[in-house]
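As structure tokens, the structure follows; a few thoughts come after it.
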Amino acid sequence: MSNGTPSARKLTIARAMAEAIAQEMRTDPRVFVMGEDIAKLGGVFGNTRGLYEEFGAERVRDTPISETAFISAAAGAAADGMRPVVELMFVDFFGVCMDAIYNFMAKNTYFSGGSVRVPMVLMTATGGGYSDAGQHSQCLHGTFAHLPGMKVVAPSNAYDAKGLMTAAIRDDNPVIYLFHKGLQGMGWLGTEPASIVGVPEEAYTVPIGKAATVREGTDVTIVGITSGVHHALKAADLLADRGVSAEVIDLRSLVPLDRKHVIASVRKTGRLIVVDEDYQSYGMTGEIMATVVEHDVSMLKATPKRVGYPDIPIPYSRPMEEFALPNPAKIVAAYESMAALAGRGA
Amino acid sequence: MLPTREQKLWMYERMVASRYFEDTIEAIYLEGKTPVFNMASGPIPGEMHLSKGQEPCAAGVCIHLKPTDVVTSTHRAHHVAIAKGVDLDKMAAEIFGKGDGLSGGRGGHMHLFDPAVNFSCSGIIGQSVGPAVGAALSRKLQSKDGVAVAYLGEGAANQGAFHEALNLAAIWKLPVIFVIEDNSWAISVPKSASTPVEHNDVRAIGYGIPGHYVANNDVLQVFKVAGQAIERARNGEGPSLIEIETLRLSGHFMGDAQQYRPKEELEMLAARDPIPAYRGYLTTVDALTPQEDAEIVTRARKRVDDAIAFARRSPYPEPAAALDKVFV
């Protein structure tokens, strides 16, 4: 998966995130955590479990339901020399605090000509698939990646989750850390088993802005992030049964975007499918396709395809949500439509 | 708590410097904007929010602050920046959009950052109070000396961010002081039409913290009240809220014809100007002599003139430098 030490100890993404934060808190007194229900409860999604017991209420601070205040306070504390890790419980709640995020956290470095640093991590839960409807199930990858001044990472497995968290805390810039609820490993929330992988005990970083090839192939490149990676890996198995060799790329970071990695893969395979659980229009899928096309359209042997979320609010009812979400079958169908077009000489 | 004569003159000099700075900026802002007023033209483009009339709010608070203390301010921040000791050369150059500006021209007059004196301001109403609360939290967590002061206008006291910030500062007992500059006007909307209480100091009650009200733009009263609040914060006793009745001598921004403002109020502005009133007080009570006054005024003006000359001399930034400093 990545270039760390192989480890027999498997962790969930939630455990891996908490471990990374704890290790940084042990070595760096500037690191502290705040958010709603992150102390005694250990985070609604488990990613701060154990921190309150080890570090106490000063450094692991439950906040009032007051996202504007505590996220803008994090920006102020970061500018004053601290390294806050703050949690926005669901990414969908960004509506009540976006000014703190994109007008302060993301712009103060630029507006100060680089003399003010804002080293903070804003971690927030994304993703649907469990009938929580459209105010608790969004991904919003494109929303955050679109706005300049903040790095954006989103792990698909526990190894990357720990390494990206460590890298995010150590980064001198603000980092949005998106974790998908369906990969988190919470007992009460269905979990993708492939997200639970070996995680070294010692601290390590996964570089921000570097994609990973998680499966090598020669016929088509499937690019995804978080849940999209797992759909892509399953689709690659289905395609392999049909004699098609798919390469799967996990972007891991949306900002900076590892465009070179995608281009190199498409140069090899000549075909591109982009998978994203975020709304399709004006988002990651279009950005990846534009990256390839702008670079060298002649690399492509077939029209690129995307499997995104339709431009609709996320519905509650199970059959409606399942209809809208990306899945492996949709990726296989995208490949088949690509092949059909090529067969027609289009 | 009464200021010494020396402190009184310190405040006077900052007020005079600030006023002269704004007068100068006002004149330069109009260069290249006649006969047709176009905000994008001239050596100082963009919106310009002058702080004339609000000088007591800056001088009376910042006299109690050290460079290590944190101040966040608003879109109308020149007076506070000057009282806090922001590098005036770099500040003027920033306002001119020049390469030697505080941010090399990326921020402009609404986004001034001087980490050397822990000053910043923002163009988003009410939102700069949260970062001050965070700076105060940072000082508490690091057991580091220092308080934070968040400036806002009376219009911003109806923003959710203000109330959330007060609440957070109060429950965590943070060393932060919220200073509301009540100039009665949120662009064209009078306070009476936006605010259900006569004075915002009473809103402190809802958060269990002290609230103070200063009437008549009185710098000596600001000095007294701010001194108490800042001392309280330094002693670890938590936040305070201060509302100061002040005065917007100019329009909301330059080019604002202010037709919404009653004629009688506009006619009374000069009589309510805090600087001549304070000069009169100093002359009467503290025996400020004409010679001493002239020295102060000359010194203040020279400092401003030097800064403006520096700004004019400074080259424009390389256009492509716009791509830098997004990340460090």
The answer for the longest stretch of chain A without any exposed trypsin sites (Lys or Arg not before Pro) (DSSP loop, at most 12 further Cβ atoms within 10 Å) is A:41-241
Neighbours of A:Val152 by Cβ distance under 15 Å: Lys/Arg at +1, Asp/Glu at -1, summed charge -4
Subtracting the Cα-Cα distance of B:Lys144 and B:Ser188 from 0.36 nm times their residue separation yields 11.7 nm
Please report the spacing between the Cα centers of the range B:261-294 and the range A:1-67 in Å, no decimals. 58
Estimated vicinal HN-Hα couplings, Hz - the range A:128-139 in sequence order (Karplus 6.51, -1.76, 1.60; Gly, Pro = x): x, x, 9, 6, 9, 6, x, 10, 9, 9, 7, 9
For the range A:127-214, I need the span (max minus min coordinate) of the C-alpha atoms along each principal axis, in Å, sorted largest to smallest. 37, 34, 23
Any DSSP H helix in chain B with Cα axial reach of 27 Å or more and mean Kyte-Doolittle score of at least -0.5? Listed by number, the hits are none
Determine the dipole magnitude for the range A:212-343: charges of +1 sit on the beta-carbon of Lys and Arg, -1 on that of Asp and Glu, nothing else is charged, the reference point is the Cα centre, and the result goes in debye to the nearest 20. 300
Selection of GluC sites (Glu not before Pro), the range B:165-253, meeting DSSP coil and at most 16 other Cβ within 10 Å: B:Glu198, B:Glu237
In degrees, nearest ten, helix A:13-27 long axis to first principal axis of chain A (Cα): 40
Towards the positive end of the charge dipole of the range A:123-268, with charges on Cβ (+1 Lys, Arg; -1 Asp, Glu), say which of A:Val223, A:Asn157, A:His136 has the farthest Cα. A:Val223
Amide H neighbours of B:Thr74 at under 5 Å, excluding residues fewer than 5 places away on the same chain, with H built from the backbone geometry, are B:Ser122
Round to a whole angstrom and tell me the spacing of the C-alpha centers of the range A:276-298 and the range B:154-186. 43
Please report the antiparallel percentage of DSSP beta bridges with both residues in the protein assembly as shown, rounded to the nearest 5. 15
Just round it to a whole percent: the fraction of Cα-Cα distances in the range A:249-327 exceeding 20 Å. 37
Give me the compactness ratio for the range B:212-296, meaning the Cα radius of gyration over 2.2 N^0.38 Å. 1.43
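With a sphere of radius 14 Å drawn around the Cβ of B:Tyr316, what net charge do the other residues whose Cβ falls strictly inside it have (Lys, Arg +1; Asp, Glu -1)?
Charge balance in the 14 Å sphere: +1.
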Using the beta-carbon distance between A:Thr213 and A:Ser298 and R0 = 22 Å, what value does 1/(1 + (r/R0)^6) give for FRET efficiency, to the nearest 0.05? 0.45
Average beta carbon contacts from partner chains per residue of B:163-171, 10 Å cutoff: 5
Ranked by GNM mean-square fluctuation in chain A (Cα springs under 10 Å), the top entry among A:Met186, A:Met105, A:Met150 is A:Met186
Report, largest value first, the span of the C-alpha coordinates of the protein assembly as shown along each principal axis, in whole Å. 96, 59, 43
Can you give me the Kirkwood hydrodynamic radius for the range B:253-296, using every pair of distinct Cα atoms, in Å to one decimal? 12.8
Mean per-residue count of partner chain Cβ within 10 Å for A:112-124 equals 5
The relative contact order of chain B, taking Cα pairs under 8 Å that sit 6 or more residues apart, comes to a percentage of 23
Angle in degrees between helix A:328-343 and the longest Cα principal axis of chain A, rounded to the nearest 10: 40
Kirkwood hydrodynamic radius, computed over distinct alpha-carbon pairs, for chain A: how many Å, to one decimal? 20.3
Can you check what the net charge comes to around B:Gly160, using other residues whose Cβ is under 15 Å from the Cβ of B:Gly160 (Lys, Arg +1; Asp, Glu -1)? -2
Averaged over its residues, how many other protein chain Cβ atoms are within 10 Å of peptide A:165-175's Cβ atoms? 1
For chain B, would you read off the P(r) tail past 38 Å as a percentage of all alpha carbon pairs? 12
Hey, got a sec? Which chymotrypsin sites (Phe, Trp or Tyr not before Pro) in the range A:78-146 land in a DSSP loop and have at most 16 other Cβ atoms within 10 Å? A:Tyr130
Determine the alpha carbon to alpha carbon distance for each of B:Lys52/B:Lys263; A:Lys181/A:Lys305; B:Lys52/B:Lys173; A:Lys151/A:Lys181 and list only those over 22 Å. A:Lys181/A:Lys305; B:Lys52/B:Lys173
Please list, in chain and number order, the residues 5+ apart from A:Val152 or on another chain whose amide H is under 5 Å from its amide H, with Hs placed from the backbone. A:Ile176, A:Leu254, A:Val255
Trypsin sites (Lys or Arg not before Pro) within the range B:94-153: DSSP coil, no more than 10 neighbouring Cβ in 10 Å: none
The Kirkwood hydrodynamic radius of the range A:1-129, taken as the inverse of the mean 1/r over all distinct Cα pairs, in Å, comes to 15.4
Nearest-20 debye value, the range A:10-198 charge dipole, Cβ charges on Lys, Arg, Asp, Glu: 360
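Throughout, read-outs are computed from the coordinates displayed, never taken from laboratory work. Computed from a predicted model, the values in this text were never measured in an experiment. FYI the Cβ positions are ideal-geometry reconstructions off the backbone, even for glycines, and counts take in every protein chain you see.
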